[in-house]
Amino acid sequence: MPFLTQLADVARRTGGPVTEVAGWKTRGHGPQPEVQGIVCHHTAGPAGGGDYPSLAVVRDGRPGLDGPLSHFGIGRSGTIYVIAAGRCWHNAPSTSPRHDNSSSIGIEAENNGVQPWPAAQIAAYIRLCAELCREFGLPASRVKAHREVNTAKPDPHSLDMNDFRASVAAAVKGEPDPSWTENLVKNLPQIRLGDDNFDVKTVRGCLFARGHVPPAAYAGVAEGLEGWLKSTRCDTGLVELVRGFQRAEGLDEDGFVGPKTWPSLLRV
Ligand SMILES: [Zn+2]
């Protein structure tokens, strides 16, 4: 295999921002012999200091290990940095013959090793792995965490690699990321009888939009339908309508708006 000068085009197919680091097309410890796998890393760089403060280290190396250390970087914003087209020193020794330096592509995502991962960065990570799988004809199972192919390494921290690979597989097929709905629903509030907040209005609006608010529901309300939609209180009347909606959707009729009912209300 020659130098992988198509890598910037592959990165751009993710649809996200791509920065070509000057000289990348000829950077490497010789050409890349083959691509059988993908190894995901975190940089263990500084906690702050911009989008990709580890660029110089990944490009040029550190004492005792010459750069380039990986083909790609991913900034905290999700920007993909194309750093090298040849072989990189990112995984030695490797417990997998498909994930050593001569047989795999390395991706170094900016993270100090403990800080939370920004959603945009993870989304770019998944999409880049998916485009690389497509380009090199690899199944998502060939995407490995560094810690999975080198037992001395901890990176990338806290990512469930089975979930990650499921997202990569879905992206390869062109399906929406399966974790998107889960993440959305996880962050939604739970609404029950007696609550008084603006999220109650969202429930009212969704029920109305789905045709589950008969005129009788707001007949006695000041300002009629408008007044009913503006109310931030979860009263017994609203709970009854939620139950009716749940019945129609085949959900448990508990009158409680939680992780089971929100996706139906929002149609996600
Ligand atoms: Zn690593």
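The values are calculated or read from the model by the stated rules, or taken from the named source; none is laboratory data. What you see is a predicted model, and the numbers here were worked out from it, not measured in a lab. In this analysis, Cβ positions are derived from the backbone assuming ideal geometry, glycine residues included, and neighbour counts consider all displayed protein chains. All accessible areas refer to the heavy atoms of the entire protein, side chains included, with ligands and DNA or RNA removed. Shrake-Rupley method; radii C 1.70, N 1.55, O 1.52, S 1.80 Å.
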Worksheet item: Exactly one of (1) modelled with pLDDT of 95 or more; (2) of a type outside the set (Phe, Trp, Tyr); (3) open to solvent by 50 Å² or more (accessible area, probe 1.4 Å); (4) over 20 Å from the mean Cα position of the chain (by Cα) is unmet by MET1. Its number?
Response: (1)
Discussion item. Please count how many residues of segment 7-33 are exposed (fewer than 13 other Cβ atoms within 10 Å of the Cβ) and within 29 Å of GLY174 (Cα to Cα).
Written reply: 2
Discussion item. For segment 234-268, which positions are open to solvent by 20 Å² or more (accessible area, probe 1.4 Å) and either at positive phi or in contact with a Gly (Cβ under 8 Å, 6 or more places away or on another chain) (or both)?
Written reply: GLU240, ARG243, GLY250, ARG267
Fill in: Residues of segment 57-103 that turn out to be away from the ligand (no atom under 14 Å from the Cβ), among the aromatic types (Phe, Trp, Tyr) and open to solvent by less than 10 Å² (accessible area, probe 1.4 Å), as a count
0
Worksheet item: Name the residues in segment 250-268 that are assigned to a helix (DSSP H, G or I) and either within 23 Å of the chain's Cα centre (by Cα) or farther than 17 Å from VAL185 by Cα (or both), would you?
Response: TRP262, PRO263, SER264, LEU266
Fill in: Complete set of residues in segment 129-156 that are away from the ligand (no atom under 16 Å from the Cβ), surrounded by 20 or more Cβ atoms within 10 Å (Cβ to Cβ) and within 18 Å of ARG12 (Cα to Cα)
ALA130, GLU131, LEU132, CYS133
Worksheet item: Given the structure, is CYS88 assigned by the TED database to the domain that holds PRO156, part of a loop (DSSP other than H, G, I, E, B) and not small (Gly, Ala, Ser)?
Response: yes
Worksheet item: (1) out of contact with any helix residue (DSSP H, G or I) (no Cβ under 9 Å at 6 or more places or on another chain); (2) in contact (Cβ under 8 Å) with a residue 24 or more places away in the chain; (3) under 23 Å from PRO31 (Cβ atoms): which one isn't true of GLN121, the others all being true?
Response: (3)
Discussion item. Residues that are surrounded by 15 or more Cβ atoms within 10 Å (Cβ to Cβ), in the same structural domain as LEU159 (by the TED database), touching a Phe, Trp or Tyr at 6+ places or on another chain (Cβ under 6 Å) and under 19 Å from LYS144 (Cβ atoms): does segment 47-55 have at least one?
Written reply: no
Discussion item. So, GLY106, is that one of a type outside the set (S, T, N, Q) and crowded, with 21+ Cβ neighbours inside 10 Å or not?
Written reply: yes
